[in-house]
Amino acid sequence: MIQIEDNDLPIKVAEKIINGIKEVPATPLDKAAYRVLAGKELGETVHKDMFDLEEIKEIADYLMVYYQSHMNGD
């Protein structure tokens, strides 16, 4: 979960979006790959990126549209 605090600087908010992770149920493929690569069993959940690169671009696009429509004080 990403939590943005009142005193977070913009760069900190961007870092939280870029590096945010979430816990999701492990798929059979996750479990098999972990077993092969690590040599042990994986738990029932794994951590995945909160947003993939395409979603981060979409967030950036929304922010840019907001900026452009309000840059003159509107």
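What residue, among those in the range 1-40 that are among the polar types (S, T, N, Q) and surrounded by 10 or more Cβ atoms within 10 Å (Cβ to Cβ), is farthest from Ile59 (Cα to Cα)? Can you show your working first?
The first filter runs over the range 1-40 and keeps only residues among the polar types (S, T, N, Q), leaving 3, 7, 19, 27.
Narrowing the set further to residues that are surrounded by 10 or more Cβ atoms within 10 Å (Cβ to Cβ) leaves 19, 27.
Working: Asn19: 14, Thr27: 27 Å.
That would be Thr27.
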Positions within the range 32-52 being over 13 Å from the mean Cα position of the chain (by Cα), of a type in the set (D, E, K, R) and within 24 Å of Met1 (Cβ to Cβ), in sequence order
Glu44
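At least 2 residues that are modelled with pLDDT of 95 or more in each: list the helices (runs of 4 or more DSSP H) lying fully within the chain that qualify. Let's see the steps before the verdict.
On the way: elements: 10-19, 28-38, 53-70.
So the answer is 10-19, 53-70.
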Output for Cβ contacts, cut-off 7 Å, separation at least six or different chains, first residue farther than 22 Å from Pro25 by Cα in the range 43-66, second in a helix (DSSP H, G or I), reads Ile56/Ile17; Ile56/Ile18; Ile59/Ile17
Close pairs from the range 20-32: first within 14 Å of Glu44 (Cβ to Cβ), partner exposed (fewer than 11 other Cβ atoms within 10 Å of the Cβ) and acidic (Asp, Glu), Cβ under 8 Å, at least 6 apart:
Pro25/Glu44; Ala26/Glu44; Lys31/Glu41
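The values are calculated or read from the model by the stated rules, or taken from the named source; none is laboratory data. Model, not experiment: these values are computed from the prediction. Ideal geometry is used to build each Cβ from the backbone, glycine not excepted, and the neighbour counts take in all protein chains shown.
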